[in-house]
Amino acid sequence: MSGHSPVNTVLVTGAAGFIGSHLCDKLARVGKAVIGVDNFDPYYARIEKEHNVECLRRAGADFRESDIRSYGDIASLIDVTRPEVVVHLAAKPGVRNSVKFPRQYFETNLLGTQNVLDSCRALGVERMVLASTSSVYGNTKRIPFEEDDPCVEPLHPYAASKRSTELLAGTYARLYGLQISVMRFFTVYGERGRPDMMPRLLLNSLTTGAPVNLYEGPLERDWTHVSDIVRGLAAAVDRPLGFEILNLGRGQPVPLSGFISELERVSGKQANLVSAPRPDSEMLSTYASTDKLNRLLGYQPEVSIQEGVEALWEWWQAYTARDR
Ligand SMILES: NC(=O)c1ccc[n+]([C@@H]2O[C@H](COP(=O)([O-])OP(=O)(O)OC[C@H]3O[C@@H](n4cnc5c(N)ncnc54)[C@H](O)[C@@H]3O)[C@@H](O)[C@H]2O)c1
């Protein structure tokens, strides 16, 4: 895409996390000055996040420990580093955990985002790329999911917190002239993936025989490899769009059973699956329309499930070998 000068300095929140660490790595490798921020939220083990930080530092990104729930902390960091764009990925993830602890999700995902928005506004940072999720579509009947769906029936507090955040971002864009690209990620998997998510639970089961709950369904997901997510985010960083919401998914849903079979084929092992009733909070299907992504960013995710799962298994073998 032409007509826009590439951005030089980017601040990434949630940098010690799964997607954030890959994004910092990617942006630093293409020559941008990257400042990663994270508070090592205890939702999963700090050691996993410290390993992610080592990876982004090796790629040349800077890292600061800071908490978006404090306006003062995040504002002073933005004041010192003066980024051109903030990519805001920091969040409390996890659908089932959000059903148990809803308040934490609004404190971090909604009020934490408001602190980031207010800091940008106060310090003259005009551009943000904001992480959202396919979960905002809830049980919509419009399939594939299109960005103009009203998304008024989120199934759990995590989705409600993310949809609220999108609405708040739209309000800030209109009132204060911020340019914000909201990217709705679809089931992200890949190397250094989150330990609470299905791919990691399956990998662990293949190696150790640990049981994994398989919800009665059938469930299908628009699995999107993390390298495709960060390519889409990098495109959004360099392309101001005003205020827009875009799906960032492959647009080719695959049944959970198909994803598992692929992982079993590649590994030559069998997962220990235990059938369990599907909670009401679990969506049956996710399916991205990628038309808008294509139209506005000229981008289409391209990693097939076969390629993605092979890369995932290769990483897992190296990752688990480290501990032996
Ligand atoms: N992984 C997916 O499939 C997926 C799908 C849709 C949307 N998302 C969104 O993508 C983003 C990244 O998700 P992820 O899967 O990499 O999760 P992750 O948990 O690995 O990364 C999120 C990071 O945010 C940090 N964080 C949490 N609270 C913070 C705070 N108060 N201050 C500073 N940092 C804080 C955490 O420590 C963590 O490192 C999130 O916004 C998530 O909602 C992820």
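Mind checking which pairs have a first residue in the range 252-269 that is in contact (Cβ under 8 Å) with a residue 24 or more places away in the chain and a second that is assigned to a strand (DSSP E or B), Cβ under 6 Å, 6 or more apart or different chains?
Pro253/Glu220; Pro255/Glu220
Could you count how many residues in the range 54-101 are more than 19 Å from the chain's Cα centre (by Cα), touching a residue at least 60 places away in the same chain (Cβ under 8 Å) and exposed (fewer than 15 other Cβ atoms within 10 Å of the Cβ)?
Residues in the range 54-101 being more than 19 Å from the chain's Cα centre (by Cα), touching a residue at least 60 places away in the same chain (Cβ under 8 Å) and exposed (fewer than 15 other Cβ atoms within 10 Å of the Cβ): 1 in total.
With respect to Glu147, is the statement that it is over 16 Å from the mean Cα position of the chain (by Cα), among the charged types (D, E, K, R) and farther than 20 Å from Gly249 by Cα true?
On the way: over 16 Å from the mean Cα position of the chain (by Cα): yes; among the charged types (D, E, K, R): yes; farther than 20 Å from Gly249 by Cα: no.
No, not satisfied.
Of everything in the range 50-65 that's assigned to a helix (DSSP H, G or I) and of a type in the set (A, V, I, L, M, F, W, C), which residue is nearest to the ligand (Cβ to nearest atom)? Working first, answer last.
If we filter the range 50-65 for residues that are assigned to a helix (DSSP H, G or I), which is where we start, we get 50-58.
Within this subset, residues satisfying the condition of being of a type in the set (A, V, I, L, M, F, W, C) are 53, 55-56.
Working: Val53: 9, Cys55: 13, Leu56: 11 Å.
The qualifying residue nearest to the ligand (Cβ to nearest atom) is Val53.
Can you tell me which of (1) modelled with pLDDT of 95 or more; (2) touching a Pro at 6+ places or on another chain (Cβ under 9 Å) is the one Cys24 doesn't meet?
Looking at each condition in turn, Cys24 falls short on (2).
Condition check ((1) surrounded by 23 or more Cβ atoms within 10 Å (Cβ to Cβ); (2) closer than 20 Å to Val10 by Cα; (3) touching a His at 6+ places or on another chain (Cβ under 7 Å)) across all residues:
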| position | (1), (2), (3) |
| --- | --- |
| Leu175 | no, no, no |
| Arg200 | no, no, no |
| Leu203 | yes, no, no |
| Glu220 | no, no, no |
| Ile229 | yes, yes, no |
| Leu233 | yes, yes, no |
| Gly251 | no, no, no |
| Leu256 | no, no, no |
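With the requirement that a residue be polar (S, T, N, Q) and more than 10 Å from the ligand (Cβ to nearest atom), what does the range 158-203 give you? Walk me through it before giving the result.
Narrowing the range 158-203 to residues polar (S, T, N, Q): 161, 164-165, 171, 179, 181, 187.
Across the range 158-203, the qualifying residues are Ser164, Thr171, Gln179, Ser181.
Please go through the range 19-49 and pick out each residue that is within 14 Å of the ligand (Cβ to nearest atom), assigned to a strand (DSSP E or B) and not small (Gly, Ala, Ser). I'd like the intermediate steps shown before the answer.
Pass one, the range 19-49, residues within 14 Å of the ligand (Cβ to nearest atom): 19-26, 35-49.
Retained after the next criterion (residues that are assigned to a strand (DSSP E or B)): 35-38.
Within the range 19-49, Ile35, Val37, Asp38 meet the criteria.
Does Ala91 meet the test of being in a loop (DSSP other than H, G, I, E, B) and at pLDDT 95 or above? Please lay out each step first, then the result.
Values: in a loop (DSSP other than H, G, I, E, B): yes; at pLDDT 95 or above: yes.
The answer is yes for Ala91.
Would you check if Ile180 is in contact with a helix residue (DSSP H, G or I) (Cβ under 7 Å, 6 or more places away or on another chain) and not in a helix (DSSP H, G or I)?
On the way: in contact with a helix residue (DSSP H, G or I) (Cβ under 7 Å, 6 or more places away or on another chain): yes; not in a helix (DSSP H, G or I): yes.
In short, yes.
Can you pull out the residues in the range 267-305 that are out of contact with any Leu (no Cβ under 8 Å at 6 or more places or on another chain) and not in a loop (DSSP other than H, G, I, E, B)?
Going residue by residue through the range 267-305, those that are out of contact with any Leu (no Cβ under 8 Å at 6 or more places or on another chain) are 268, 272, 277, 279, 286-287, 289-291, 294-295, 298, 302-305.
Those that are out of contact with any Leu (no Cβ under 8 Å at 6 or more places or on another chain) and not in a loop (DSSP other than H, G, I, E, B): Asn272, Asp291, Asn294, Arg295, Ile305.
What number of residues within the range 268-283 satisfy the criterion of being more than 25 Å from Gly209 (Cβ to Cβ) and under 20 Å from the mean Cα position of the chain (by Cα)?
Count: 2.
Look at the range 82-125 and say how many of its residues are away from the ligand (no atom under 15 Å from the Cβ), within 19 Å of Gly36 (Cβ to Cβ) and not hydrophobic (A, V, I, L, M, F, W, C).
Of the residues in the range 82-125, 3 are away from the ligand (no atom under 15 Å from the Cβ), within 19 Å of Gly36 (Cβ to Cβ) and not hydrophobic (A, V, I, L, M, F, W, C).
Looking at (1) surrounded by fewer than 15 Cβ atoms within 10 Å (Cβ to Cβ); (2) closer than 24 Å to Met197 by Cα, find the lone condition where Arg29 falls short.
Against the list (1) surrounded by fewer than 15 Cβ atoms within 10 Å (Cβ to Cβ); (2) closer than 24 Å to Met197 by Cα, Arg29 comes up short only on (2).
Just wondering, is there one or more residues in the range 156-173 that are out of contact with any Gly (no Cβ under 8 Å at 6 or more places or on another chain), within 25 Å of Pro277 (Cβ to Cβ) and part of a loop (DSSP other than H, G, I, E, B)?
Yes, some residue in the range 156-173 is out of contact with any Gly (no Cβ under 8 Å at 6 or more places or on another chain), within 25 Å of Pro277 (Cβ to Cβ) and part of a loop (DSSP other than H, G, I, E, B).
The values are calculated or read from the model by the stated rules, or taken from the named source; none is laboratory data. Please read these numbers as outputs of a predicted model, since none were measured by experiment. As a convention, Cβ positions derive from the backbone with ideal geometry for all residues, glycine included, and neighbour counts pool all protein chains shown.
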